[in-house]
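**Q** Structure provided below as structure tokens; questions to follow.
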């Protein structure tokens, strides 16, 4: 009989302990979700909008000078533009731009069918934002 009572007591303790753990886990999960949501909000505020960009993915951009365009952000103090040759991943152009217009012209392209990838990052009073998604294009005629 004593063994049965001890077994029931052990089951009761484990059950109560599990319930407390489930409540703690629920509270922890809610806190984690709130932290992730806040972190995403900060990242979104520092992220460059990619709605209207040029050149677009897999698009042909002909000429020796290409004007890169992106959606300008209201809170941007300036931007950083990076253009990389896709064939060997060398940086073709990277510079912090002294403008907030959402466009910048890069010269010295060969117009020879080479594929390039570009990204933009913005600076705000809060700091430097993340790089945008990489967008690749072909420098040449279709």
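**Q** Do we have any residue at all in region 95-117 that's out of contact with any strand residue (DSSP E or B) (no Cβ under 7 Å at 6 or more places or on another chain), surrounded by 15 or more Cβ atoms within 10 Å (Cβ to Cβ), in contact (Cβ under 8 Å) with a residue 12 or more places away in the chain and in a strand (DSSP E or B)?
**A** Checking region 95-117: not a single residue is out of contact with any strand residue (DSSP E or B) (no Cβ under 7 Å at 6 or more places or on another chain), surrounded by 15 or more Cβ atoms within 10 Å (Cβ to Cβ), in contact (Cβ under 8 Å) with a residue 12 or more places away in the chain and in a strand (DSSP E or B).
**Q** Which residues, taken from region 69-93, are in a strand (DSSP E or B), surrounded by 12 or more Cβ atoms within 10 Å (Cβ to Cβ) and free of Cβ contacts under 8 Å to residues at least 60 places away in the same chain?
**A** If we filter region 69-93 for residues that are in a strand (DSSP E or B), which is where we start, we get 69-71, 78-85, 91-93.
When the remaining residues are screened for being surrounded by 12 or more Cβ atoms within 10 Å (Cβ to Cβ), the result is 69-71, 78-85, 92-93.
Across region 69-93, the qualifying residues are 69, 71, 78, 79, 80, 81, 82, 83, 84, 85, 92, 93.
Where a number appears in this text, it was derived from the coordinates with a stated rule and is not lab data. Please read these numbers as outputs of a predicted model, since none were measured by experiment. A quick note on method: Cβ atoms are made from the backbone with ideal geometry, for glycine too, and the neighbour counts reach across all protein chains shown.
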